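Since the structure comes first, as C-alpha cells, the remarks are kept for the end.
The values are calculated or read from the model by the stated rules, or taken from the named source; none is laboratory data. All figures in this text were calculated on a predicted structure; none of them were measured in a lab. All Cβ positions, even for glycine, are placed from backbone atoms using ideal geometry, and neighbour counts span all protein chains on display.
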Amino acid sequence: MENAMMVALSRQITLRRELSITANNLANMSTAGFKVEKMLLANNPSKSANHSDGPQKINFVQDWGISRNFSDGRIEVTSRPMDMALVGPGFFVIETEQGERYTRDGRFDVDETGTLVSSDGNPVLDDTDSPILLDAFGSSPEVSKDGTVFVAGAEVARLKIVEFTQLGQLKKDGSGRYSAQEGAEQKIIENPKIMQGFLERSNVVPILEISKMIEVTRAYKSVTNMLKSQEDNSRDAIKRLGRVR
C-alpha cells in the first residue's frame, strides 16, 4: 500500500508541473517568437518498501526535463518597418549585459542614438558583432530577405542570423530569449529569409493545448481519487486491528 501511494504522489507532482507548462503555452499563444514546450518524463527505479512478497523495485515518475518545438510559428502582417519575422531556422542575436542572447522575437525599434534595439532596448547585432546604427530621425530602414539593412538606399549593415547544431544546448533566458551553453556549436546563416513588416507569433496550437490540459486535469483527479481510496483502506484496516482482542 505504501508503494502505491508513493508512486501516485510522484505522479501527482509531475502532473502539476505538466499542467503549469500547458497553461504557460496557452498564455503565450500570441507571444512573438514563443516556442511550445513539453515536459519529458522518465522512470526512476527505486527500492520498494519492506514486504514479504511482490516486486523488489518500483518505478517512480520523474520530471526529466523540458523539450521545445522550434518549428516556425504563424506569420502575422504588422506593416511596421521595424518588425521582422525570421522564416526557417535561425535566431536574431541580441547584445545584453550577460552576453549574446538569441531570439525569434523580431519586435525591434530605434533608440535615441539611432541604434536598432530589441523591444526592451538591447542592441541587435550585425554579422560583425556590432550594433546596427540607423538614422533616428530620417527615413525608415529597408531590410532585404537576406537581412541586409539599407538606409536611404545605402547599405549600412547585415543582420546576424545564427543557427545551432544542437538546439538542446539552448537555455531559456526569459523575455523570449535563449542563452547557449559553453561550447555550443553555432554558425552564421548566409542566406536567411527575413520578412520586414511581419512578426512570427508562437507555434502554439490552442486546441491541442486545451485538450492536453483537460487530459492532465482528469489524470490528476484520477490519481487523487486513488490516493483517497488507499487512505480510506488504511483507516479501515487500523480500525479493524483496534477491535481485535
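Are any of the residues in the range 206-219 modelled with pLDDT under 95, surrounded by fewer than 16 Cβ atoms within 10 Å (Cβ to Cβ), under 26 Å from the mean Cα position of the chain (by Cα) and not in a helix (DSSP H, G or I)? No. Looking at the range 87-128 only, could you name the residues that are among the polar types (S, T, N, Q) and in contact with a Lys or Arg (Cβ under 7 Å, 6 or more places away or on another chain)? Result: Thr103, Ser119. Apart from one condition, Phe70 fits all of (1) surrounded by 15 or more Cβ atoms within 10 Å (Cβ to Cβ); (2) touching a strand residue (DSSP E or B) at 6+ places or on another chain (Cβ under 8 Å); (3) under 24 Å from Glu182 (Cβ atoms); the exception is (2).
Give me the residue from the range 117-138 that is under 20 Å from Lys193 (Cα atoms) and charged (D, E, K, R) and, out of that set, surrounded by the fewest Cβ atoms within 10 Å (Cβ to Cβ). Among those residues, the one meeting the criterion is Asp129. Among the strands (runs of 3 or more DSSP E) confined to the range 137-185, the ones with at least 2 residues that are of a type in the set (A, V, I, L, M, F, W, C) and either outside the structural domain of Tyr102 (by TED's automatic domain parsing) or within 15 Å of Gly106 (Cα to Cα) (or both) are located at 161-164.
Out of curiosity, is Ala42 assigned to a loop (DSSP other than H, G, I, E, B) and at pLDDT below 70? So Ala42 fails the test.
Among Gly88, Gly114, Gly106, which is the only one that is in contact (Cβ under 8 Å) with a residue 12 or more places away in the chain and surrounded by fewer than 14 Cβ atoms within 10 Å (Cβ to Cβ)?
Working: Gly114 fails: surrounded by fewer than 14 Cβ atoms within 10 Å (Cβ to Cβ); Gly106 fails: surrounded by fewer than 14 Cβ atoms within 10 Å (Cβ to Cβ).
Within the list Gly88, Gly114, Gly106, the selection yields Gly88.
Restricting Lys160, Lys193 to residues that are under 26 Å from Glu76 (Cβ atoms), surrounded by fewer than 18 Cβ atoms within 10 Å (Cβ to Cβ) and basic (Lys, Arg) narrows the list to Lys193.
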